[in-house]
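A quick write-up on the structure given underneath.
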Amino acid sequence: MDLSGAPYGSLGTLSGPSITIQELKKDRISFILTETDLSVANSLRRVMIAEVPTIAIDMVEIETNTTVLADEFIAHRLGMIPIDSTDVERIKYTRDCTCSQYCSECSVELTLHVKCTEDRTKIVTSKDLVSNNPQFQPVVEDKNDQGILIVKLRKGHELKLKCIAKKGVAKEHAKWSPVSGVAFEYDPYNKLRHTHYWIEEDAGKEWPVSGNAKLEAEPNPDAPFDYNAKPDRFYIETETVGSLKPEDVVSMGMKTLLDKLGYVQMQLKEELASHQQDQTGWSY
Amino acid sequence: MTFSLKDEDHTLGNALRYMIMKNPEVDYCGYSIPHPSEAKMNIRVQTTDRTSAIEVMDKGLQDLIDLCTVVVDAFKAEVSNGDFEYDEDAVWP
Ligand SMILES: [Zn+2]
């Protein structure tokens with residue numbers, strides 16, 4: 001491989017990776033990533049699940065809670081509610097902010113006050129949360145969406161609280177994950193034998209091939225095993241929780257990966273510069 | 001030479017290991033996470049004497065950046081191209 005030439009593409013090809021989108025819906029995207037290595041495809045999967053930032057409720061101050069659920073139980077439920085994070089880039093991480101606890105630059109405040117005064121059950125949902133920033137509202141799927149149920153009240157029950165939503169990543173807590181699942185498959189016919197099927201009698205009958213198998217040539221059962229073959233076609237389907245658009249989850253995932261790499265590269269340069277000034281550190 | 005990367009994991013480790021290993025001047029590259037509850041990733045590089053581990057690491061990072069840039073551009077081109085099944089208002093399932 002020529003070091004100055006195109007460095008990417010698996011199996012020595014210089015064409016480089018490519019993407020084909022198969023389907024794009026409101027809350028999911030499915031695409032095929034080709035001509036790249038398993039490690040790179042897996043990095044994209046991991047980064048979409050755990051390192052794409054979103055906004056989620058992180059602190060709850062409860063003023064009144066006479067409902068059947070305990071304070072911490074309600075606080076936990078509030079944390080899981082997806083909040084529209086389309087403009088997440090406008091919010092800072094609190095750790096990067098100049099304020100001491102939280103402010104409008106690094107948080108969104110949502111309040112909730114519901115009291116049941118009638119003789120029938122009243123439901124408290126994510127629609128009862130009132131945001132102080134119209135860009136960051138609890139996700140509503142469509143006009144028929146009644147919101148996410150938080151708690152049910154009987155006559156006399158009251159819930160009054162203030163929530164502080166912050167920017168974060170799912171590496172810290174899963175509530176910040178923009179996705180509810182990422183389907184990841186390669187080699188649907190198991191030609192590479194990366195999977196060992198547990199079987200009763202016949203693997204072909206007990207393990208039907210996935211839908212992605214339609215997109216690949218059926219292997220010849222008499223063909224010898226190619227132990228040099230490497231996966232280079234990845235079928236990925238991302239389903240969001242609604243806080244970000246599926247296409248944005250993928251591009252923000254790649255951006256997060258690029259930012260990490262850039263940061264490490266910069267740190268390496270700094271480490272090298274400080275070492276050249278001061279020879280007391282590590283040595284070759 | 002072993003590089004110790006704070007707050008990094010398999011996401012960066014495995015892809016970077018692959019990219020560095022592609023460099024023909026590299027004899028060995030491997031990574032490990034010594035303990036699951038310590039947010040730290042070690043990556044070891046051994047090169048031929050025509051280059052140095054630091055140079056190879058820098059090149060590995062740059063190559064991976066270039067690769068990711070190609071993926072981002074390919075993805076954005078594909079989204080704006082719009083040649084796929086698209087249904088904005090469809091509700092899951
Ligand atoms: Zn702040």
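The values are calculated or read from the model by the stated rules, or taken from the named source; none is laboratory data. Quantities reported herein were computed from a predicted structural model and do not represent experimental measurements. Note: ideal-geometry Cβ built from the backbone for every residue, glycine included; neighbour counts use all protein chains shown. Note: accessible area is taken over every heavy atom of the protein model, side chains too, but ligands, DNA and RNA are not part of it. Shrake-Rupley method; radii C 1.70, N 1.55, O 1.52, S 1.80 Å.
Let me know the volume per residue of the alpha-carbon convex hull for the protein assembly as shown, in Å³.
That works out to 205 Å³ per residue.
Roughly how far apart, in whole Å, are the Cα centres of region A:128-171 and region B:1-23?
40 Å
Mind checking the full-extension length gain between A:Asp96 and A:Phe73? Use 0.36 nm per residue of separation minus the Cα-Cα distance, one decimal, nm.
Contour length minus Cα-Cα distance gives 5.3 nm.
Please report the Cα spread of region A:207-284 along all three principal axes, rounded to whole Å, starting with the longest.
If we take the Cα atoms of region A:207-284, the spans are 62, 43, 17 Å.
Springs between alpha-carbon pairs under 10 angstrom, Gaussian network model over chain A: which of A:Gln267, A:Gln137, A:Gln101 fluctuates most?
Its mean-square fluctuation being the largest, the pick is A:Gln267.
Can you flag which of A:Lys167/A:Lys255; A:Lys127/A:Lys175; A:Lys230/B:Lys59; A:Lys115/A:Lys143; A:Lys230/B:Lys6; A:Lys25/A:Lys171 are past 20 Å Cα-Cα?
A:Lys230/B:Lys59; A:Lys115/A:Lys143; A:Lys230/B:Lys6; A:Lys25/A:Lys171
Using θ = phi - 60° and the Karplus form 6.51 cos²θ - 1.76 cosθ + 1.60, what ³J(HN,Hα) does each residue of region A:200-211 get, whole Hz, x for Gly and Pro?
Residue by residue, region A:200-211 yields 8, 10, 10, 4, x, 7, 7, 10, x, 5, 6, x Hz.
So which residues of region B:49-64 lose at least 40 Å² of accessible area, probe 1.4 Å, when you go from the chain by itself to every protein chain present?
B:Ile54, B:Asp58, B:Lys59, B:Leu61
With unit charges on the beta carbon (Lys/Arg positive, Asp/Glu negative), name the residue among A:Thr125, A:Thr195, A:Gly168 whose Cα is farthest towards the positive pole of the charge dipole of chain A.
A:Thr125
For A:Met80, what residues show an amide H to amide H distance below 5 Å, using hydrogens built from the backbone and excluding near sequence neighbours?
The list, which skips near neighbours in sequence, is empty: none.
Can you give the accessible area per residue of chain B, in Å², using a 1.4 Å probe?
52 Å²
Express the C-alpha Rg of chain B as a ratio against the empirical globular expectation 2.2 N^0.38 Å, rounded to two decimals.
My calculation over the Cα atoms of chain B gives 1.49.
What's the total accessible area buried between chains B and A, using a 1.4 Å probe, rounded to the nearest 100 Å²?
What B and A bury together is about 4500 Å².
Taking R0 as 30 Å, what FRET efficiency do you get between A:Ser180 and B:Asn81 from their Cβ-Cβ distance, rounded to the nearest 0.05?
0.65
Let me know the charge dipole size of region A:175-277 about its Cα centre in debye, to the nearest 20, where only the beta-carbon of Lys, Arg (+1) and Asp, Glu (-1) is charged.
The calculation lands at about 520 debye.
Using the 4.7 Å Cβ rule, please list in number order the cysteines from the protein assembly as shown without any candidate partner.
Lone cysteines by the Cβ rule: A:Cys116, A:Cys163, B:Cys29, B:Cys68.
At a cut-off of 50 Å², which residues of region A:228-267 become less accessible once all protein chains are present than in their chain alone, using a 1.4 Å probe?
Residues shielded by partner chains are A:Met254, A:Leu258, A:Lys260, A:Leu261, A:Val264, A:Gln265.
Could you tell me how many degrees, from 0 to 90 and to the nearest 10, lie between the Cα long axis of helix B:10-21 and the main elongation axis, the longest principal axis, of the Cα atoms of chain B?
60 degrees
Projected onto the charge dipole of region A:87-192 (+1 at Lys/Arg Cβ, -1 at Asp/Glu Cβ, origin at the Cα centre), which of A:Leu110, A:Pro134, A:Phe184 gives the Cα projection farthest towards the positive end?
Toward the positive end, the furthest listed residue is A:Leu110.
Under a point spin-label approximation (7 Å from Cα along Cα-to-Cβ), what is the A:Asp87-A:Ala217 distance to one decimal in nm?
About 5.3 nm separates the two model spin labels.
How long are the semi-axes of the equivalent ellipsoid of region A:15-93, defined as square roots of 5 times the Cα gyration tensor eigenvalues? Whole Å, largest first.
38, 14, 13
Counting pairs of Cα atoms in region A:54-176, how many percent are more than 24 Å apart?
28 percent
Per the 1.4 Å probe, what fraction of the accessible area of region A:54-176, in percent, lies on carbon and sulfur atoms?
46 percent
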